[in-house]
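Participant: There's a structure below that I have some questions on.
The values are calculated or read from the model by the stated rules, or taken from the named source; none is laboratory data. Just so it is clear, the model here is predicted, and its values are computed rather than measured. Glycine also receives a Cβ, built like all others from the backbone with ideal geometry; neighbour counts cover every protein chain displayed. Surface areas here come from the heavy atoms of the whole protein model, side chains and all, with no ligands, DNA or RNA. Shrake-Rupley method; radii C 1.70, N 1.55, O 1.52, S 1.80 Å.
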Amino acid sequence: MYPSRDPICCHMAFTRVDTHTGEAQTWFPGRRCFCEELVFVPGPNGETKEDDGYLLGLVYDAAKHKSFLAILDAADFSKGPVAKIWLQHHVPHGLHGFFSPKYFGPSMV
């Protein structure tokens with residue numbers, strides 16, 4: 001059971017809701033993983049069919065102190081990503097509107 005199923009926790013899953021049927025699909029990336037917003041990349045019929053394409057979203061894995069880009073099939077992303085692209089470092093959670101004076105990049109030596 002993931003702690004993110006608790007309504008008190010936030011940003012720990014991606015959920016897609018069909019506004020016509022109310023059906024929801026959810027993917028939980030794991031314990032201590034925090035999700036950023038999704039970006040839709042349309043497929044060949046993406047302009048006419050809203051679920052033809054992929055959803056891309058950054059996930060910060062606090063246990064590994066790294067981030068990855070999750071690439072999900074927009075038609076059925078409850079089965080998880082079709083690909084994960086791991087970064088060598090983490091991207092600060094809450095990137096939009098977030099500032100930290102601490103440098104997180106490679107050593108400047």
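Participant: So which residues in segment 64-105 are open to solvent by 60 Å² or more (accessible area, probe 1.4 Å) and at pLDDT below 80, if there are any at all?
Facilitator: Once the filter is applied, which keeps residues that are open to solvent by 60 Å² or more (accessible area, probe 1.4 Å) and at pLDDT below 80, segment 64-105 yields HIS93, LEU95, HIS96, GLY97, PHE98, PHE99, PRO101, LYS102, TYR103, PHE104.
Participant: Now for a different question. Could you grab me the full set of residues in segment 37-63 that are exposed (fewer than 13 other Cβ atoms within 10 Å of the Cβ), under 23 Å from ALA24 (Cβ atoms) and among the acidic types (Asp, Glu)?
Facilitator: Correct list: GLU37 only.
Participant: Another one. Taking into account only those residues within segment 11-38 that are in a strand (DSSP E or B) and of a type in the set (Phe, Trp, Tyr), which is farthest from PHE77 (Cα to Cα)?
Facilitator: Filtering segment 11-38 for residues that are in a strand (DSSP E or B) and of a type in the set (Phe, Trp, Tyr), the one farthest from PHE77 (Cα to Cα) comes out as PHE34.
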